[in-house]
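Take a look at the structure below.
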Amino acid sequence: MEDITEKVKRFVEKIKNSINCQCPAQISKVNEDGTVDVIVFRNDEIENQLIPCVKIKYPESGRAFIQLGVAEGDFGVVRYFDTSIQDYIEGQDGYNYDDRTHNTNDACFELGFIPNPSSFIYPAGSNITVGNKDGSALLTVDANGTINIISATVNIAGNSAVNIEGGSVNIGSNTTIDGKVFLSHQHSNGNQGANTGGVI
């Protein structure tokens, strides 16, 4: 027969194994409301679980956000909250008298934590890197503060001013400004060494 120490030890182990804190996960479906269905990899005797309609946690404040597009097959982490978040999701922060804890209904999905075979090899020598993994667009800020933007096309639009200050600004291909092509434009009047009219 088990003594009391063994019983307590087995009881504690059972409780520990039943508590969900966070697990690796993969998106199985992106829903129209911005939530995702995820497959949770438990790595124990319980089979992998499918959790529907999980809210994505993005870096976001009251004034700004960073969005990374998500697609089926993307990896990340599912985190389970200590208490019910049902009312919080609806914008209420009071006690809702629901005592569930670490429940699959109270989870969020965070991008990242990708298995090694699928991990991206990040560019060396940069402090900040944002881009598409296929190389079609890349923005880097190196340790010296130099900003490099690599893309087939760079579009800047909006009503607010865009200010670029630096030691130099290098543009490696033709540039269109307000519909006027820089390398092949003409001026309405003027000649070399004299004032010219507007670009036509």
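The values are calculated or read from the model by the stated rules, or taken from the named source; none is laboratory data. If you're wondering where the values come from, they're calculated on a predicted model, not measured in any experiment. Quick reminder, even Gly has a Cβ in these numbers, built from the backbone with ideal geometry, and neighbours come from all protein chains shown. Note: accessible area is taken over every heavy atom of the protein model, side chains too, but ligands, DNA and RNA are not part of it. Shrake-Rupley method; radii C 1.70, N 1.55, O 1.52, S 1.80 Å.
Which of (i) 22.5; (ii) 20.2; (iii) 19.0 is the computed Kirkwood radius over Cα pairs in Å for the structure on display?
Working out Kirkwood radius over Cα pairs in Å from the coordinates points to (i).
Find the relative contact order for segment 7-149 and round it to a whole percent, using C-alpha pairs within less than 8 Å whose residues are 6+ positions apart.
The value is 19 percent.
For residue 157 and residue 195, FRET efficiency with R0 = 25 Å and r from the beta-carbon atoms, rounded to 0.05?
0.25
I need the GluC sites (Glu not before Pro) found in segment 60-91, filtered to DSSP loop residues with at most 14 other beta carbons within 10 Å of theirs.
Taking segment 60-91 and a limit of 14 other Cβ atoms within 10 Å, the loop GluC sites (Glu not before Pro) found are 72, 90.
Quick check: at a probe of 1.4 Å, how many percent of the accessible area of the chain sits on carbon and sulfur atoms?
It is 52 percent, rounded to a whole number.
Using DSSP loop states and a limit of at most 14 other Cβ atoms within 10 Å to flag chymotrypsin sites (Phe, Trp or Tyr not before Pro), what is the longest stretch of the chain containing no flagged site?
1-94
How much net charge surrounds residue 37 when only the other residues with a Cβ under 13 Å from the Cβ of residue 37 are counted, with Lys and Arg +1 and Asp and Glu -1?
Around residue 37, the charge tally is -2.
Starting from the amide H of residue 38, placed 1.01 Å from N in the peptide plane, find each other amide H under 5 Å away whose residue is 5 or more places distant or on another chain.
Here 28, 51, 53, 54 satisfy the definition.
For segment 45-200, what is the accessible area per residue in Å² when the probe is 1.4 Å?
The answer is 81 Å² per residue.
With axes computed from alpha carbons, what is the tilt in degrees of helix 4-18 against the longest principal axis of the chain, rounded to the nearest 10 within 0 to 90?
30 degrees
List the trypsin sites (Lys or Arg not before Pro) in segment 46-93 that DSSP assigns to loop (not H, G, I, E or B) and whose Cβ has at most 15 other Cβ atoms within 10 Å. Which are they?
When the trypsin sites (Lys or Arg not before Pro) of segment 46-93 are filtered for loop state and at most 15 Cβ neighbours within 10 Å, 57, 63 remain.
Once fully extended, how much extra length lies between residue 55 and residue 148, figured as 0.36 nm per residue of separation less the alpha-carbon to alpha-carbon distance?
Separation in residues times 0.36 nm, less the Cα-Cα distance, equals 30.1 nm.
Could you name the lysines in cross-link range of residue 180, using Cα to Cα under 20 Å and dropping any fewer than eight places away on the same chain?
The qualifying lysines are none; the list is empty.
Using only alpha carbon pairs under 8 Å that are at least six residues apart, calculate the relative contact order of segment 132-188 and give it in whole percent.
Relative contact order comes out at 17 percent.
Can you pick out the pairs among 9/57; 14/57; 55/133; 7/55; 9/29; 14/55 whose Cα atoms lie more than 32 Å from each other?
9/57; 7/55; 9/29
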